[in-house]
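Some notes on the structure that comes next.
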Amino acid sequence: MGSLLRPVDLVNQPLGFQERYKILQKLFKQLQKAYSHTNRSNIDLERLATRLEVHVARNSLSGQSYKFNMSILLRDVLKYKGDLSKIKVNGRPLKGGKPHSYSNSNIGTITTKSKAMEALKALVHDVKALEKNGYTVKETQNETSDDNNTQLYASCLRCSTNFKKTDIMEKTLCRYHPLKRMYNRETKNHQYPCCGETTDSVSFLRLGCKTFFHHVFRGESYDDLCKISKFSSTEDMDGVENVLSLDCEMAFTSLGYEMIRLTIVDFFTGKTLFDHVIQPIGDIVDLNSDFSGVHEIDRTNCPTYKEALNVFLSGNLINKNSILIGHGLENDLNVMRLFHNKVIDTAILYSKTKFKVSLKNLAFEVLSRKIQNGEHDSSQDAIATMDVVKVKIGISPSQNNWDQ
């Protein structure tokens, strides 16, 4: 066997390396039989086998589903005599045997800022794409409604209990699962990856494996967001043309969902231009430390939201000429209370279906970099998102010096 015949490492492995390796060997042998009437070399078939196997591995939720999907593939490779357009995995065609790949063989082809800017501008999403993906676009917003129309009740984002917003600081019992449930195609039910419980379980843990003493909520509409603070438009801020990658960490407060840390990194130098823990406007209910990575906010030394806004919305940082890079950037811009349309969102950029790839998986598959293994870090995430875009347009992630 050639040296190319080894499974591609993944963040979430459906099976161990040795088991995947044995199945990959079987697939290679099947491809040899299926293409015996052609002049395809063993090296070419090794590459094809590796691509097909990792495609199945990515689209299998468990070891059992992986083995089932691979058995179908092994059977159909011979059945259809190598015509991969007729083979389906999880009911979806392989589309000619060219599963999506995030690699870019043109790394290093762009070495000047002007060429980089040209490539970056080509990736900027139009307003329709932003609206489709949940961005708050200035052109579509009306004046906020009167306070009298504000909803008095909210549904807890964790346990779905309806509660009065004004009672949010009063202690109660909230039982919930910290991780979103996932659908298992084999068992036909949903499972919580945080504890392994299923939605049809009769165990008490089905209601939640974690408890908290407050309910939490997150305003989604433009009106709800404006109750915390009004939006500012970058159109009103002139400044230098720049490319900035950013990421926010958020927490739950008495007013909803607020930014508590912001990191901004310069695309061309790789330097961190802004990285601060920020005081929210409302009273803190839960810093959400398992995800935000923020454990404490110093009300004496940390900047307030308004103080931070006066710094990051400026001629030298975020302004009307800025291209902003992020992953699911609509969430960041919402908590920053910014209207901005020059956006490159890697969640949109790499989305092939209605389901968006996570930054954790994207960083691993594009950069071979593991992130978010524990608490999130806005600095780490901002840099990873920036580097994913660099690879996308043919720039080495380590490139910080540019030709004229």
Given the condition in a helix (DSSP H, G or I), in contact with a strand residue (DSSP E or B) (Cβ under 9 Å, 6 or more places away or on another chain) and either more than 28 Å from LYS113 (Cα to Cα) or not acidic (Asp, Glu) (or both), answer yes or no: does some residue in the range 272-291 qualify?
yes
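Here is a yes/no grid of residues against (1) touching a residue at least 40 places away in the same chain (Cβ under 8 Å); (2) under 25 Å from the mean Cα position of the chain (by Cα); (3) within 21 Å of SER254 (Cα to Cα):
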site: LYS171; (1), (2), (3): yes, no, yes
site: ARG175; (1), (2), (3): no, no, yes
site: LYS180; (1), (2), (3): no, yes, no
site: ASN184; (1), (2), (3): yes, yes, no
site: PRO193; (1), (2), (3): no, yes, no
site: GLY208; (1), (2), (3): yes, yes, no
site: HIS215; (1), (2), (3): yes, no, yes
Residues of the range 257-293 that turn out to be closer than 25 Å to LYS165 by Cβ and either modelled with pLDDT of 95 or more or acidic (Asp, Glu) (or both), as a count:
16
Return yes or no: is VAL216 surrounded by 21 or more Cβ atoms within 10 Å (Cβ to Cβ), out of contact with any helix residue (DSSP H, G or I) (no Cβ under 9 Å at 6 or more places or on another chain) and farther than 16 Å from ASP332 by Cα?
yes
ILE348 in a strand (DSSP E or B) and either farther than 15 Å from SER245 by Cβ or in contact (Cβ under 8 Å) with a residue 24 or more places away in the chain (or both)
no
Out of (1) at pLDDT 85 or above; (2) in a helix (DSSP H, G or I), what's the single condition that is false for PHE163?
(2)
From the list LEU333, LEU324, which residue is under 24 Å from the mean Cα position of the chain (by Cα), aliphatic (A, V, I, L, M), assigned to a helix (DSSP H, G or I) and assigned by TED's automatic domain parsing to the domain that holds THR346?
LEU333
Please give the number of the condition ILE323 fails out of (1) of a type in the set (A, V, I, L, M); (2) touching a His at 6+ places or on another chain (Cβ under 8 Å); (3) modelled with pLDDT of 95 or more.
(2)
Pick from the range 89-110 the residues that are surrounded by fewer than 15 Cβ atoms within 10 Å (Cβ to Cβ) and hydroxyl-bearing (Ser, Thr, Tyr): which of them is modelled with the lowest pLDDT?
SER101
Within the range 221-240, identify whether any single residue is in contact (Cβ under 8 Å) with a residue 24 or more places away in the chain and touching a His at 6+ places or on another chain (Cβ under 7 Å), and answer yes or no.
yes
Could we say that LYS370 is among the basic types (Lys, Arg), touching a Gly at 6+ places or on another chain (Cβ under 8 Å) and more than 30 Å from GLU307 (Cβ to Cβ) here?
no
Whichever residue in the range 249-270 is in a loop (DSSP other than H, G, I, E, B) and touching a residue at least 40 places away in the same chain (Cβ under 8 Å) and, among such residues, is farthest from the chain's Cα centre (by Cα):
SER254
Here are some residues: GLU365, GLU307. Which one is crowded, with 19+ Cβ neighbours inside 10 Å and either out of contact with any strand residue (DSSP E or B) (no Cβ under 7 Å at 6 or more places or on another chain) or not polar (S, T, N, Q) (or both)?
GLU365
From the residues in the range 123-139 that are farther than 19 Å from ASN331 by Cβ, in a helix (DSSP H, G or I) and without any contact (Cβ under 8 Å) to a residue 60 or more places away in the chain, which one is farthest from the chain's Cα centre (by Cα)?
GLU139
Based on what the data block shows, is ILE281 buried (at least 20 other Cβ atoms within 10 Å of the Cβ), touching a residue at least 24 places away in the same chain (Cβ under 8 Å) and either of a type outside the set (Ser, Thr, Tyr) or not assigned by TED's automatic domain parsing to the domain that holds MET259 (or both)?
no
Failed condition for MET237, given (1) in contact with a Gly (Cβ under 7 Å, 6 or more places away or on another chain); (2) farther than 22 Å from ASN341 by Cβ; (3) not basic (Lys, Arg), with all others met?
(2)
Scan of the range 390-404 for residues that are outside any loop (DSSP other than H, G, I, E, B) and either crowded, with 22+ Cβ neighbours inside 10 Å or at pLDDT below 90 (or both), ordered by number:
LYS390, ASP403
Which of the residues that make up the range 361-389 are without any contact (Cβ under 8 Å) to a residue 60 or more places away in the chain, of a type in the set (D, E, K, R) and in a helix (DSSP H, G or I)?
ASP387
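The values are calculated or read from the model by the stated rules, or taken from the named source; none is laboratory data. What you see is a predicted model, and the numbers here were worked out from it, not measured in a lab. Backbone-built Cβ (ideal geometry, glycine too); neighbour counts: all protein chains shown.
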